[in-house]
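Asks: Below you will find the structure I want to go over with you.
The values are calculated or read from the model by the stated rules, or taken from the named source; none is laboratory data. Computed from a predicted structure; not experimentally measured. No Cβ is skipped: glycine too gets one built from the backbone with ideal geometry, and neighbour counts run over all protein chains shown. Remember, those area values only see protein heavy atoms, side chains included, never the ligands or the DNA or RNA. Shrake-Rupley method; radii C 1.70, N 1.55, O 1.52, S 1.80 Å.
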Amino acid sequence: MSFLERNEKTLSKYNRALVLIFVVLFFVENVTRYKHILFYLMVTTSLVYLFLDTKNVLKRLNNKLLYGVIFLSIILYISISYSEIPGVSIKAINNNLLNYGILSLSLLFPIILYRESLKAISKLLLMSFIVSLVVILLVELSRYYAAYQHGILPFTTYDFRHVSDALVFFFPILPILWYLSPKSKLIYFYVLSAVFLFVLLGTLARGAWVAIAVSGLLFLCFKRPWKLIGVVLCLSLVSLVSIKSIYPDASKKLFYKLEQTDSTHRYTNGTQGTALELIKGNPIIGYGFGDKIYHEKYNSVIKEHPEWTFKTSIGPHNIWLYIWFGAGIAGLIAFSAVFLSMCYSSIKEIKTASAKPEIYFAFIALLLSLIGFYLVRGMFEQVDLKPLGVLLGFLIAMMGHSADEQKIKSHE
(Lines give C-alpha, C1' and ligand atoms only; values in the text may rest on other atoms or scores of the structure.)
Protein backbone atom coordinates (compact mmCIF):
# COMPACT_ATOMS: atom_id res chain seq x y z
CA MET A 1 0.00 0.00 0.00
CA SER A 2 1.41 3.38 -1.05
CA PHE A 3 1.92 6.44 1.15
CA LEU A 4 -1.06 8.16 -0.49
CA GLU A 5 -3.35 5.22 0.16
CA ARG A 6 -2.20 4.74 3.77
CA ASN A 7 -2.84 8.39 4.62
CA GLU A 8 -5.79 9.00 2.35
CA LYS A 9 -8.17 10.42 4.99
CA THR A 10 -5.55 12.68 6.54
CA LEU A 11 -4.36 13.95 3.16
CA SER A 12 -7.96 14.52 2.05
CA LYS A 13 -8.60 16.80 5.03
CA TYR A 14 -5.30 18.58 4.42
CA ASN A 15 -6.04 19.11 0.72
CA ARG A 16 -9.52 20.49 1.29
CA ALA A 17 -8.38 22.72 4.15
CA LEU A 18 -5.55 24.09 2.02
CA VAL A 19 -7.86 25.03 -0.85
CA LEU A 20 -10.58 26.34 1.48
CA ILE A 21 -8.27 28.68 3.39
CA PHE A 22 -6.67 29.92 0.18
CA VAL A 23 -10.04 30.78 -1.42
CA VAL A 24 -11.27 32.43 1.78
CA LEU A 25 -8.23 34.73 1.87
CA PHE A 26 -8.20 35.38 -1.88
CA PHE A 27 -10.08 38.70 -1.78
CA VAL A 28 -9.01 39.73 1.72
CA GLU A 29 -6.60 42.66 1.77
CA ASN A 30 -3.39 42.99 3.77
CA VAL A 31 -2.80 39.23 4.02
CA THR A 32 -0.56 38.88 0.96
CA ARG A 33 2.16 37.14 2.98
CA TYR A 34 -0.25 34.40 4.07
CA LYS A 35 -1.62 33.98 0.55
CA HIS A 36 1.91 33.49 -0.73
CA ILE A 37 2.64 30.94 2.00
CA LEU A 38 -0.52 28.99 1.08
CA PHE A 39 0.27 29.27 -2.62
CA TYR A 40 3.79 27.88 -2.26
CA LEU A 41 2.42 25.16 0.00
CA MET A 42 -0.01 24.21 -2.77
CA VAL A 43 2.83 24.19 -5.29
CA THR A 44 4.92 21.91 -3.06
CA THR A 45 1.97 19.60 -2.41
CA SER A 46 1.21 19.36 -6.13
CA LEU A 47 4.82 18.50 -6.97
CA VAL A 48 4.79 15.74 -4.35
CA TYR A 49 1.57 14.25 -5.77
CA LEU A 50 2.93 14.56 -9.30
CA PHE A 51 6.07 12.66 -8.26
CA LEU A 52 4.26 9.95 -6.27
CA ASP A 53 1.34 9.32 -8.65
CA THR A 54 2.36 10.77 -12.01
CA LYS A 55 0.02 8.74 -14.20
CA ASN A 56 -3.21 9.53 -12.31
CA VAL A 57 -2.31 13.20 -11.81
CA LEU A 58 -1.59 13.72 -15.51
CA LYS A 59 -4.85 11.96 -16.30
CA ARG A 60 -6.71 14.67 -14.38
CA LEU A 61 -4.90 17.35 -16.37
CA ASN A 62 -5.93 15.87 -19.72
CA ASN A 63 -8.64 18.46 -20.22
CA LYS A 64 -9.58 20.60 -23.24
CA LEU A 65 -10.33 23.57 -21.02
CA LEU A 66 -6.83 23.43 -19.57
CA TYR A 67 -5.41 23.32 -23.09
CA GLY A 68 -7.38 26.49 -23.79
CA VAL A 69 -5.82 28.17 -20.77
CA ILE A 70 -2.35 27.12 -21.95
CA PHE A 71 -3.12 28.54 -25.41
CA LEU A 72 -4.23 31.84 -23.85
CA SER A 73 -1.02 31.89 -21.80
CA ILE A 74 1.10 31.33 -24.91
CA ILE A 75 -0.66 34.20 -26.73
CA LEU A 76 -0.01 36.52 -23.79
CA TYR A 77 3.67 35.58 -23.64
CA ILE A 78 4.00 36.06 -27.40
CA SER A 79 2.73 39.62 -26.92
CA ILE A 80 5.96 40.38 -25.01
CA SER A 81 7.88 40.19 -28.31
CA TYR A 82 6.17 43.28 -29.69
CA SER A 83 5.38 45.04 -26.40
CA GLU A 84 6.30 48.71 -26.25
CA ILE A 85 7.71 48.07 -22.75
CA PRO A 86 8.66 44.34 -22.57
CA GLY A 87 9.70 44.46 -18.90
CA VAL A 88 6.26 45.73 -17.88
CA SER A 89 4.53 43.06 -19.95
CA ILE A 90 6.62 40.23 -18.48
CA LYS A 91 5.84 41.36 -14.95
CA ALA A 92 2.11 41.82 -15.65
CA ILE A 93 1.73 38.48 -17.44
CA ASN A 94 3.66 36.54 -14.80
CA ASN A 95 1.54 38.15 -12.09
CA ASN A 96 -1.77 37.30 -13.77
CA LEU A 97 -0.81 33.80 -14.89
CA LEU A 98 1.68 32.41 -12.38
CA ASN A 99 1.44 34.33 -9.09
CA TYR A 100 -1.69 32.48 -7.86
CA GLY A 101 -3.18 33.42 -11.22
CA ILE A 102 -5.03 31.87 -14.13
CA LEU A 103 -2.52 29.24 -15.24
CA SER A 104 -1.11 28.24 -11.87
CA LEU A 105 -4.48 27.72 -10.16
CA SER A 106 -5.82 25.88 -13.23
CA LEU A 107 -3.06 23.34 -12.59
CA LEU A 108 -2.84 23.33 -8.79
CA PHE A 109 -6.50 22.80 -7.84
CA PRO A 110 -7.01 19.72 -10.08
CA ILE A 111 -3.73 18.18 -8.86
CA ILE A 112 -4.40 18.80 -5.16
CA LEU A 113 -7.98 17.51 -5.44
CA TYR A 114 -7.30 14.67 -7.88
CA ARG A 115 -8.21 11.95 -5.33
CA GLU A 116 -11.39 13.67 -4.13
CA SER A 117 -14.84 12.69 -5.38
CA LEU A 118 -16.97 15.04 -7.47
CA LYS A 119 -19.37 15.43 -4.57
CA ALA A 120 -16.54 16.29 -2.16
CA ILE A 121 -15.14 18.95 -4.53
CA SER A 122 -18.62 20.39 -5.00
CA LYS A 123 -19.14 20.65 -1.26
CA LEU A 124 -15.71 22.24 -0.93
CA LEU A 125 -16.58 24.86 -3.55
CA LEU A 126 -19.87 25.73 -1.87
CA MET A 127 -18.25 25.88 1.56
CA SER A 128 -15.42 28.05 0.20
CA PHE A 129 -17.92 30.53 -1.23
CA ILE A 130 -19.96 30.63 1.98
CA VAL A 131 -17.01 31.12 4.32
CA SER A 132 -15.38 33.62 1.95
CA LEU A 133 -18.53 35.74 1.81
CA VAL A 134 -18.96 35.68 5.59
CA VAL A 135 -15.33 36.68 6.16
CA ILE A 136 -15.52 39.51 3.61
CA LEU A 137 -18.73 40.88 5.14
CA LEU A 138 -17.26 40.75 8.66
CA VAL A 139 -14.14 42.59 7.47
CA GLU A 140 -16.29 45.26 5.82
CA LEU A 141 -18.47 45.69 8.90
CA SER A 142 -15.33 46.26 10.96
CA ARG A 143 -14.19 48.87 8.42
CA TYR A 144 -17.57 50.60 8.60
CA TYR A 145 -17.32 50.66 12.40
CA ALA A 146 -13.80 52.12 12.23
CA ALA A 147 -14.99 54.77 9.76
CA TYR A 148 -17.98 55.60 11.95
CA GLN A 149 -15.60 56.20 14.85
CA HIS A 150 -14.07 58.96 12.71
CA GLY A 151 -17.42 60.47 11.83
CA ILE A 152 -17.76 58.84 8.39
CA LEU A 153 -21.26 57.50 7.76
CA PRO A 154 -22.18 54.72 5.32
CA PHE A 155 -23.23 55.77 1.81
CA THR A 156 -21.28 59.04 2.02
CA THR A 157 -17.93 57.88 0.59
CA TYR A 158 -16.53 55.77 -2.24
CA ASP A 159 -13.86 54.28 0.05
CA PHE A 160 -15.71 50.95 0.23
CA ARG A 161 -15.89 50.33 -3.53
CA HIS A 162 -12.98 47.86 -3.54
CA VAL A 163 -15.11 45.09 -2.00
CA SER A 164 -17.59 45.17 -4.88
CA ASP A 165 -15.57 42.64 -6.91
CA ALA A 166 -15.66 40.09 -4.10
CA LEU A 167 -19.39 40.61 -3.58
CA VAL A 168 -20.08 39.97 -7.28
CA PHE A 169 -17.79 36.94 -7.33
CA PHE A 170 -19.34 35.20 -4.31
CA PHE A 171 -22.94 36.41 -4.71
CA PRO A 172 -24.24 33.17 -6.34
CA ILE A 173 -23.92 31.37 -3.03
CA LEU A 174 -26.73 33.48 -1.52
CA PRO A 175 -29.66 32.16 -3.60
CA ILE A 176 -28.09 28.70 -3.41
CA LEU A 177 -28.13 28.89 0.39
CA TRP A 178 -31.89 29.39 0.22
CA TYR A 179 -32.18 25.83 -1.11
CA LEU A 180 -29.41 24.14 0.86
CA SER A 181 -30.09 25.63 4.31
CA PRO A 182 -32.38 23.70 6.66
CA LYS A 183 -35.60 25.60 7.45
CA SER A 184 -34.56 25.80 11.10
CA LYS A 185 -31.45 27.79 10.09
CA LEU A 186 -32.97 30.15 7.53
CA ILE A 187 -32.64 32.98 10.05
CA TYR A 188 -28.89 32.93 9.37
CA PHE A 189 -29.64 33.27 5.67
CA TYR A 190 -31.80 36.34 6.31
CA VAL A 191 -29.12 37.96 8.47
CA LEU A 192 -26.42 37.21 5.90
CA SER A 193 -28.61 38.63 3.11
CA ALA A 194 -29.36 41.81 5.07
CA VAL A 195 -25.67 42.42 5.77
CA PHE A 196 -24.83 41.64 2.14
CA LEU A 197 -27.38 44.20 0.92
CA PHE A 198 -26.05 46.84 3.32
CA VAL A 199 -22.43 46.32 2.24
CA LEU A 200 -23.40 46.12 -1.45
CA LEU A 201 -25.27 49.44 -1.33
CA GLY A 202 -22.37 50.94 0.61
CA THR A 203 -20.01 50.34 -2.31
CA LEU A 204 -21.94 52.90 -4.41
CA ALA A 205 -20.78 50.84 -7.40
CA ARG A 206 -23.50 50.63 -10.06
CA GLY A 207 -21.51 48.13 -12.11
CA ALA A 208 -21.55 45.73 -9.16
CA TRP A 209 -25.27 46.28 -8.64
CA VAL A 210 -25.99 45.48 -12.28
CA ALA A 211 -23.73 42.40 -12.23
CA ILE A 212 -25.48 41.00 -9.16
CA ALA A 213 -28.91 41.78 -10.61
CA VAL A 214 -28.02 39.91 -13.81
CA SER A 215 -26.64 36.96 -11.81
CA GLY A 216 -29.87 36.87 -9.83
CA LEU A 217 -31.97 36.87 -13.00
CA LEU A 218 -29.82 34.11 -14.50
CA PHE A 219 -30.41 32.02 -11.39
CA LEU A 220 -34.11 32.10 -12.31
CA CYS A 221 -33.23 30.11 -15.44
CA PHE A 222 -32.44 27.15 -13.18
CA LYS A 223 -34.65 27.72 -10.15
CA ARG A 224 -37.61 29.99 -9.45
CA PRO A 225 -37.65 30.71 -5.72
CA TRP A 226 -40.72 32.95 -5.65
CA LYS A 227 -40.66 33.22 -1.86
CA LEU A 228 -37.04 34.31 -1.98
CA ILE A 229 -37.82 36.91 -4.65
CA GLY A 230 -40.58 38.30 -2.44
CA VAL A 231 -38.25 38.39 0.57
CA VAL A 232 -35.51 40.16 -1.42
CA LEU A 233 -37.88 42.76 -2.85
CA CYS A 234 -39.44 43.46 0.56
CA LEU A 235 -36.04 43.62 2.27
CA SER A 236 -34.67 45.97 -0.40
CA LEU A 237 -37.73 48.24 -0.32
CA VAL A 238 -37.84 48.44 3.48
CA SER A 239 -34.09 49.08 3.64
CA LEU A 240 -34.14 51.89 1.08
CA VAL A 241 -37.19 53.57 2.60
CA SER A 242 -35.63 53.33 6.07
CA ILE A 243 -32.29 54.74 4.89
CA LYS A 244 -34.04 57.61 3.07
CA SER A 245 -36.20 58.44 6.09
CA ILE A 246 -33.62 58.11 8.86
CA TYR A 247 -30.55 59.46 7.04
CA PRO A 248 -31.82 61.86 4.32
CA ASP A 249 -28.54 63.79 4.09
CA ALA A 250 -26.17 60.86 4.44
CA SER A 251 -28.03 58.89 1.76
CA LYS A 252 -27.90 61.55 -0.99
CA LYS A 253 -25.01 59.86 -2.81
CA LEU A 254 -26.69 56.47 -2.59
CA PHE A 255 -29.94 57.66 -4.16
CA TYR A 256 -28.05 59.71 -6.73
CA LYS A 257 -26.29 56.52 -7.88
CA LEU A 258 -29.56 54.58 -7.84
CA GLU A 259 -31.29 57.23 -9.98
CA GLN A 260 -28.32 57.93 -12.27
CA THR A 261 -28.92 56.94 -15.89
CA ASP A 262 -25.83 58.25 -17.70
CA SER A 263 -22.75 56.11 -18.38
CA THR A 264 -20.35 58.22 -16.26
CA HIS A 265 -18.15 59.06 -19.26
CA ARG A 266 -17.60 55.46 -20.33
CA TYR A 267 -18.45 55.50 -23.99
CA THR A 268 -17.99 58.28 -26.59
CA ASN A 269 -14.78 60.11 -25.64
CA GLY A 270 -14.89 58.36 -22.25
CA THR A 271 -12.89 55.47 -20.84
CA GLN A 272 -14.14 52.71 -23.15
CA GLY A 273 -14.64 54.92 -26.19
CA THR A 274 -11.05 56.16 -26.03
CA ALA A 275 -9.76 52.62 -25.42
CA LEU A 276 -11.47 51.51 -28.62
CA GLU A 277 -9.90 54.46 -30.47
CA LEU A 278 -6.46 53.37 -29.28
CA ILE A 279 -7.14 49.75 -30.25
CA LYS A 280 -8.11 50.82 -33.78
CA GLY A 281 -4.56 52.09 -34.20
CA ASN A 282 -3.20 48.54 -33.83
CA PRO A 283 -6.10 46.07 -33.63
CA ILE A 284 -4.32 42.95 -34.87
CA ILE A 285 -1.39 42.51 -32.47
CA GLY A 286 -2.04 45.17 -29.82
CA TYR A 287 0.54 47.20 -27.92
CA GLY A 288 1.69 44.84 -25.19
CA PHE A 289 0.12 43.63 -21.96
CA GLY A 290 0.20 45.79 -18.81
CA ASP A 291 -1.46 48.78 -17.14
CA LYS A 292 1.59 51.02 -17.52
CA ILE A 293 1.70 50.44 -21.27
CA TYR A 294 -1.95 51.48 -21.61
CA HIS A 295 -1.46 54.59 -19.48
CA GLU A 296 1.65 55.67 -21.37
CA LYS A 297 0.02 55.14 -24.76
CA TYR A 298 -3.07 57.07 -23.73
CA ASN A 299 -1.10 59.94 -22.20
CA SER A 300 1.20 60.17 -25.24
CA VAL A 301 -1.68 60.92 -27.64
CA ILE A 302 -4.02 62.93 -25.40
CA LYS A 303 -2.83 66.23 -26.93
CA GLU A 304 -4.07 65.05 -30.31
CA HIS A 305 -7.56 64.44 -28.87
CA PRO A 306 -8.82 67.50 -26.98
CA GLU A 307 -12.34 66.03 -27.18
CA TRP A 308 -11.43 63.15 -24.82
CA THR A 309 -13.00 63.59 -21.40
CA PHE A 310 -10.07 62.42 -19.25
CA LYS A 311 -6.78 64.29 -19.76
CA THR A 312 -4.78 61.51 -18.09
CA SER A 313 -5.44 57.78 -18.36
CA ILE A 314 -7.62 56.05 -15.79
CA GLY A 315 -7.73 52.75 -17.70
CA PRO A 316 -10.22 51.29 -20.20
CA HIS A 317 -12.74 50.23 -17.53
CA ASN A 318 -13.44 47.09 -19.56
CA ILE A 319 -11.51 43.83 -19.18
CA TRP A 320 -12.26 42.72 -22.75
CA LEU A 321 -10.91 45.95 -24.25
CA TYR A 322 -7.91 45.73 -21.93
CA ILE A 323 -6.99 42.27 -23.25
CA TRP A 324 -7.60 43.35 -26.86
CA PHE A 325 -5.36 46.41 -26.38
CA GLY A 326 -2.58 44.35 -24.81
CA ALA A 327 -2.59 41.06 -26.75
CA GLY A 328 -4.41 41.96 -29.94
CA ILE A 329 -7.22 40.09 -31.63
CA ALA A 330 -5.57 36.71 -30.91
CA GLY A 331 -5.58 37.44 -27.18
CA LEU A 332 -9.22 38.53 -27.29
CA ILE A 333 -10.22 35.39 -29.20
CA ALA A 334 -8.27 33.13 -26.82
CA PHE A 335 -9.80 34.77 -23.74
CA SER A 336 -13.29 34.59 -25.30
CA ALA A 337 -12.75 30.92 -26.14
CA VAL A 338 -11.82 30.10 -22.54
CA PHE A 339 -14.83 32.05 -21.27
CA LEU A 340 -17.27 30.37 -23.66
CA SER A 341 -15.78 26.94 -23.01
CA MET A 342 -16.26 27.45 -19.27
CA CYS A 343 -19.88 28.48 -19.82
CA TYR A 344 -20.56 25.50 -22.09
CA SER A 345 -18.90 23.00 -19.72
CA SER A 346 -20.78 24.36 -16.70
CA ILE A 347 -24.17 24.30 -18.43
CA LYS A 348 -23.51 20.78 -19.70
CA GLU A 349 -22.69 19.54 -16.19
CA ILE A 350 -25.67 21.37 -14.68
CA LYS A 351 -28.01 19.46 -17.00
CA THR A 352 -26.58 16.09 -15.99
CA ALA A 353 -26.45 16.77 -12.24
CA SER A 354 -29.99 17.95 -11.51
CA ALA A 355 -30.61 14.99 -9.18
CA LYS A 356 -27.49 15.72 -7.08
CA PRO A 357 -28.03 19.03 -5.24
CA GLU A 358 -24.45 19.76 -4.14
CA ILE A 359 -22.99 19.07 -7.59
CA TYR A 360 -25.84 20.83 -9.37
CA PHE A 361 -25.52 24.01 -7.31
CA ALA A 362 -21.72 23.96 -7.42
CA PHE A 363 -21.76 24.19 -11.22
CA ILE A 364 -24.44 26.91 -11.05
CA ALA A 365 -22.23 28.88 -8.65
CA LEU A 366 -19.31 28.61 -11.07
CA LEU A 367 -21.40 29.70 -14.05
CA LEU A 368 -23.08 32.66 -12.37
CA SER A 369 -19.84 33.85 -10.80
CA LEU A 370 -18.10 33.67 -14.18
CA ILE A 371 -20.82 35.57 -16.05
CA GLY A 372 -21.48 38.12 -13.31
CA PHE A 373 -17.81 38.89 -12.72
CA TYR A 374 -16.27 38.78 -16.20
CA LEU A 375 -19.10 39.35 -18.67
CA VAL A 376 -21.26 41.88 -16.80
CA ARG A 377 -18.91 43.44 -14.25
CA GLY A 378 -16.07 43.17 -16.76
CA MET A 379 -18.01 45.36 -19.19
CA PHE A 380 -17.94 48.23 -16.68
CA GLU A 381 -14.60 47.75 -14.95
CA GLN A 382 -11.14 46.34 -15.61
CA VAL A 383 -11.66 43.47 -13.19
CA ASP A 384 -8.79 41.38 -11.90
CA LEU A 385 -7.93 38.36 -14.05
CA LYS A 386 -6.60 36.28 -11.15
CA PRO A 387 -9.99 35.15 -9.76
CA LEU A 388 -10.58 33.39 -13.07
CA GLY A 389 -7.95 30.91 -11.89
CA VAL A 390 -10.12 29.95 -8.90
CA LEU A 391 -13.10 29.24 -11.15
CA LEU A 392 -10.96 27.39 -13.67
CA GLY A 393 -9.24 25.34 -10.99
CA PHE A 394 -12.52 24.12 -9.50
CA LEU A 395 -14.15 23.56 -12.89
CA ILE A 396 -11.25 21.54 -14.33
CA ALA A 397 -11.04 19.46 -11.14
CA MET A 398 -14.78 18.75 -11.22
CA MET A 399 -14.91 18.04 -14.96
CA GLY A 400 -12.22 15.38 -14.63
CA HIS A 401 -14.21 13.49 -12.02
CA SER A 402 -17.47 13.99 -13.90
CA ALA A 403 -15.97 12.48 -17.07
CA ASP A 404 -14.76 9.44 -15.11
CA GLU A 405 -18.21 8.87 -13.61
CA GLN A 406 -19.82 9.05 -17.06
CA LYS A 407 -17.33 6.46 -18.40
CA ILE A 408 -18.17 4.11 -15.51
CA LYS A 409 -21.89 4.45 -16.21
CA SER A 410 -21.43 3.77 -19.92
CA HIS A 411 -19.48 0.57 -19.15
CA GLU A 412 -22.21 -0.55 -16.77
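Asks: Ignoring ligands, DNA and RNA, please state the percent of accessible area on the stretch 1-49 from carbon and sulfur, probe 1.4 Å.
Replies: The C+S portion of the solvent-accessible surface of the stretch 1-49 is 61 percent.
Asks: While we're here: For the stretch 220-275, what does the alpha-carbon gyration tensor say about shape, rounded, prolate or oblate, given a ≥ b ≥ c as the root eigenvalues, a/c under 1.5 as rounded, and a/b over b/c as prolate?
Replies: Details: a/c = 5.46, a/b = 1.32, b/c = 4.12.
Oblate, since a/c reaches 1.5 and b/c is not below a/b.
Asks: Probe of 1.4 angstrom, ligands and nucleic acids ignored: what's the accessible area per residue over the stretch 175-304, in square angstrom? Can you show the working numbers first?
Replies: Numbers: 7190 Å² over 130 residues.
Result: 55 Å² per residue.
Asks: Which order do the peptides 14-22, 31-39 come out in when sorted by mean C-beta neighbours inside 10 angstrom, highest first?
Replies: Answer by packing, highest mean first, reads 14-22, 31-39.
Asks: Something else about it: Under 1.5 on a/c is rounded, so check that first for the chain, then, if it is not, pick prolate when a/b is larger than b/c and oblate when it is not; a ≥ b ≥ c are the square roots of the alpha carbon gyration tensor eigenvalues.
Replies: Because a/c hits 1.5 or more and a/b fails to exceed b/c, the chain counts as oblate.
Asks: I would also like to ask the following. What is the sum of charges, Lys and Arg at +1 and Asp and Glu at -1, for the other residues whose Cβ falls under 12 Å from the Cβ of residue 291?
Replies: Surrounding charge for residue 291 is +1.
Asks: Can I ask one more? What FRET efficiency do you get for residue 62 and residue 3 if R0 is 22 Å and r is their Cβ-Cβ distance, rounded to the nearest 0.05?
Replies: My answer for the efficiency is 0.35.
Asks: Near residue 213, within a Cβ-to-Cβ distance under 13 Å, what is the net charge of the other residues, with Lys and Arg +1 and Asp and Glu -1?
Replies: After counting each charged neighbour, the total is +2.
Asks: With a probe of 1.4 Å, find how much accessible area the stretch 306-398 has per residue, and write the answer as a whole number in Å².
Replies: On the way: 2840 Å² over 93 residues.
Heavy-atom accessible area per residue stands at 31 Å².
Asks: Express in whole angstrom the spacing between the alpha-carbon centres of the stretch 148-167 and the stretch 78-139.
Replies: Using only Cα atoms to place each centre, the spacing works out to 27 Å.
Asks: Moving to a separate point now. Can you compute the modelled spin-label distance between residue 305 and residue 145, with each label point 7 Å from Cα toward Cβ, in nm?
Replies: 4.7 nm
Asks: Helix-derived [θ] at 222 nm for the chain: sum -39500 (n - 2.57) over DSSP H runs of at least 4, divide by residue count, nearest 500?
Replies: Helices in the chain give a 222 nm mean residue ellipticity of -23000 deg cm²/dmol.
Asks: May I ask you to derive the FRET efficiency for residue 10 and residue 343 from their Cβ-Cβ distance with R0 = 41 Å, giving the value to the nearest 0.05?
Replies: E(calc), rounded to 0.05, equals 0.65.
Asks: Filter the GluC sites (Glu not before Pro) in the stretch 282-369 to those in DSSP coil with at most 11 other Cβ atoms within 10 Å of their Cβ, and list the result.
Replies: Listed in order of number, the matching sites are 307.
Asks: Tell me the label-point distance for the pair residue 280, residue 218, using the 7 Å Cα-to-Cβ offset, in nm and rounded to one decimal.
Replies: 3.1 nm
Asks: Hey, another quick one. Which shape class, rounded, prolate or oblate, goes with the stretch 267-322 when its Cα gyration tensor gives a ≥ b ≥ c as root eigenvalues, a/c under 1.5 marks rounded, and past that a/b bigger than b/c marks prolate?
Replies: Rounded, since a/c falls under 1.5.
Asks: A further question follows. Put +1 on the Cβ of each Lys and Arg and -1 on the Cβ of each Asp and Glu in the stretch 130-250; which of 135, 181, 194 then has its Cα farthest toward the positive end of the dipole?
Replies: 181
Asks: Sorting check: for 109-117, 242-250, which peptide has the highest mean count of neighbouring beta carbons within 10 Å, and how do the rest follow?
Replies: The peptides rank, most packed first, as 109-117, 242-250.
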